[in-house]
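Participant: Here you go, one structure.
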Amino acid sequence: PDLATLRKVATDNNPELRENALGILARNKDGFAQQKLIEGLKDPEKALVQPETALQLLSYDPHADAYATARRIISEPPSEDARREALRLLAADPKSAPVFEKLLRDKSEKREVRQLSASALQGINPEKFQRQARELLFDPSEYDDIQATSLTAITNFGDAEKIANDEPLLKRVESMRAGAKPKLKQGARRFLSRY
């Protein structure tokens with residue numbers, strides 16, 4: 001079908017047809033679909049699909065309006081699924097690094113959100129993530145899985161020369177190898193074999 005037909009179906013009363021049409025339009029970076037999806041996120045009365053679906057479809061061609069809307073959804077989410085999809089969308093936006101940094105450091109956040117934030121921050125601002133990961137390794141109250149993610153990132157993506165000369169970090173990882181839970185011990189062994 002042509003774009004005009006798809007746009008008409010995108011506002012149809014049949015939810016399945018509507019979602020399929022919006023999906024095709026979004027993959028083709030259609031401005032009409034983007035406008036309708038963002039409208040629906042701003043005003044739920046105008047929503048053509050669920051918020052998490054709208055955010056997934058907007059990820060085919062993210063732009064400033066989509067990012068601004070996603071940031072709003074993170075702080076005022078209609079659902080946890082929508083918040084997660086907003087975070088995934090923002091993972092392509094370098095300007096969202098402060099958002100991910102804040103979420104990563106917030107121990108009241110769900111671990112899944114913190115893990116997603118770690119991955120996003122590694123992708124959009126690796127230096128900032130390396131600093132955060134190092135700090136998380138020195139926090140004795142931090143969750144093991146968050147420390148394991150941090151250790152893996154430092155091991156695989158860190159500045160080798162800088163790490164090799166970071167005595168406090170080397171000592172911290174050595175202590176993890178000796179007294180941590182299995183997942184951290186394994187990561188510590190990998191780190192120490194490399195550095």
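Participant: Which of rounded, prolate or oblate describes the stretch 138-195 when judged by the alpha-carbon gyration tensor and an a/c cut-off of 1.5?
Facilitator: In terms of gyration-tensor shape, prolate.
Participant: Here's a follow-up. Sequence gap at least 6, Cα distance under 8 Å: using those rules, report the relative contact order of the chain to the nearest whole percent.
Facilitator: RCO, the chain: 11 percent.
Participant: How large is the Kirkwood hydrodynamic radius of the stretch 1-133, in angstrom, based on all distinct alpha carbon pairs?
Facilitator: Every distinct Cα pair counted, the radius reaches 15.3 Å.
Participant: So how many Å³ per residue does the convex hull of the Cα atoms of the stretch 52-195 work out to?
Facilitator: Measuring per residue, one finds 107 Å³ for the Cα hull of the stretch 52-195.
Participant: Can you give the longest stretch of the chain with no exposed loop site, where a site means trypsin sites (Lys or Arg not before Pro) in a DSSP loop (not H, G, I, E or B) with at most 12 other C-beta atoms within 10 Å?
Facilitator: Looking at the chain, 108-195 is the longest stretch - no exposed trypsin sites (Lys or Arg not before Pro) with at most 12 other Cβ atoms within 10 Å.
Participant: Let me ask something else about it. Among rounded, prolate and oblate, which fits the stretch 95-169 when a ≥ b ≥ c are the square roots of the eigenvalues of its C-alpha gyration tensor, a/c under 1.5 means rounded, and a/b larger than b/c means prolate?
Facilitator: Verdict is oblate for the stretch 95-169.
Participant: Longer than 22 Å from Cα to Cα, which of K8/K46; K128/K181; K107/K183 are they? Say none if no pair is.
Facilitator: Over 22 Å Cα-Cα: K128/K181.
Participant: Using the heavy atoms of the protein chains and a 1.4 angstrom probe, tell me the accessible area per residue for the stretch 138-195 in square angstrom.
Facilitator: 59
Participant: Another question about this same structure. Heavy-atom accessible area per residue, the stretch 53-120, 1.4 Å probe: how many Å²?
Facilitator: With the other protein chains kept in place, the stretch 53-120 gives 46 Å² per residue.
Participant: Report the relative contact order of the stretch 1-106, percent, no decimals, based on alpha-carbon pairs under 8 angstrom and at least 6 residues apart.
Facilitator: The value is 19 percent.
Participant: Run the accessible area of the chain with a 1.4 Å probe and give the carbon-and-sulfur part as a rounded percent.
Facilitator: Whole-percent figure for carbon plus sulfur exposure: 49.
The values are calculated or read from the model by the stated rules, or taken from the named source; none is laboratory data. If you're wondering where the values come from, they're calculated on a predicted model, not measured in any experiment. We place every Cβ from the backbone using ideal geometry, glycine too, and count neighbours over all the protein chains shown. The protein model used for the area step is the full one, side chains on, heavy atoms only, and it has no ligands, DNA or RNA in it. Shrake-Rupley method; radii C 1.70, N 1.55, O 1.52, S 1.80 Å.
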